[in-house]
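The structure appears below as structure tokens.
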Amino acid sequence: MTDFLYLPDRNYDKKFDSEVSKVKEGDGYIVLEETLFYPEGGGQPADHGVISWDGNETEVTDVQKKHGEAHHFIEGDDFPEEGQEVRGEIDWERRYKHMRMHTAQHVLSLVVLDEYGATTAGNQIHEDYSRIDFKPVEFDEGDIEKIQNAANALIAENLSVEKKMMDREQLEEEMDAGRANMDLIPDHIDPLRAVIIGEDDVCPCGGTHVDNLEEIGEIEITEQTKKGADTERLEFELEG
Ligand SMILES: [Zn+2]
């Protein structure tokens, strides 16, 4: 098992020391005892970065979580040995963009739930643009501007974004109906990592997020696409 150091709230740490617990040269990855690298999941891409030891340095090009272990995929064929002490450093520029985007996704998801009663059916974050699918809902042109304005007004309130572990039962009590699909989170996962915007937007999420909405900048919705009878896809970018 890998200890995921960014949980629940160390989202701004960039460097860590760890020990190599497994080396899978044939498969191109190593497993670490603990890591700050975010593994791809929940619509957020994996962190990139470097792992160094004894004067060696290698790039991490992908991170995948399997059975509680973080598989750090390494570029080239220079691998540390099992038991080796290593230092990891994440590509902060890339990660911080994902943190801003992911937090922006929460803002848009809560605005659309509040205004239209639609839930977030899926999302995919990238460094330069992201998308969210909402259902059941049908937007017209005026709605897009309305959503964008409401989201940016919320960001302008400079609300804090708290990240903490919460008992599943308590989280479900405090969460607005439709804010997340709890059926997708296996029952045995308790406590859950909660992301709380301001006083009352409680959402279970394992991703990385900024500490204050002001770090997002401004949301610009760049595209609206109908995906079937009752699903709408919004694409957005961030400015600032
Ligand atoms: Zn999130």
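Given the pairs K14/K97; K65/K164; K163/K227; K97/K164; K24/K66, which are separated by over 23 angstrom at their Cα positions? Long pairs (Cα-Cα over 23 Å): K163/K227.
Extension gain, D211-D17: 0.36 nm per intervening residue step, less the Cα-Cα distance, totals 67.5 nm. Separation of the range 101-164 from the range 199-221 is 10 Å, based on Cα centroids. Per-atom-type breakdown for the chain gives carbon and sulfur 40% of the accessible area (1.4 Å probe, protein chains only). Residues whose amide H lies under 5 Å from that of G122, counting only those 5 or more places away or on a different chain, are D133; hydrogens are built 1.01 Å from N in the peptide plane.
Computed with a 1.4 Å probe over protein heavy atoms only, the accessible surface of the range 61-150 comes to 48 Å² per residue.
Between I185 and R94, the distance separating the two model label sites (each 7 Å from Cα on the Cα→Cβ line) works out to 2.8 nm. Each label point was placed 7 Å from the Cα along the Cα-to-Cβ direction; for K227 and E172 their separation is 2.7 nm. Relative to the longest principal axis of the Cα atoms of the chain, the long axis of helix 141-155 lies at roughly 60 degrees. If the segment from E239 to L5 were pulled out straight at 0.36 nm per residue, it would be longer than the present Cα-Cα gap by 81.3 nm. Helical content alone sets the calculated 222 nm signal of the chain at -6500 deg cm²/dmol, taking -39,500 (n - 2.57) per DSSP H segment of four or more residues and averaging over every residue. In degrees between 0 and 90, to the nearest 10, how far off the longest principal axis of the chain does helix 92-116 point, with axes built from Cα atoms? Here the helix axis deviates by roughly 30 degrees.
In summary, the aspartates and glutamates within cross-link reach of K135, defined as a Cα separation below 17 angstrom excluding same-chain residues under 8 places away, comprise D114, E115, D143, D176, D183, E223, D230, E232, E235.
The values are calculated or read from the model by the stated rules, or taken from the named source; none is laboratory data. As the structure is a computational prediction, the values presented were derived from the model and not from experiment. Positions of Cβ are generated from backbone atoms using ideal geometry, with glycine treated the same way; all protein chains shown enter the neighbour counts. We work out accessible area using only protein heavy atoms, side chains counted, and drop any ligands, DNA or RNA first. Shrake-Rupley method; radii C 1.70, N 1.55, O 1.52, S 1.80 Å.
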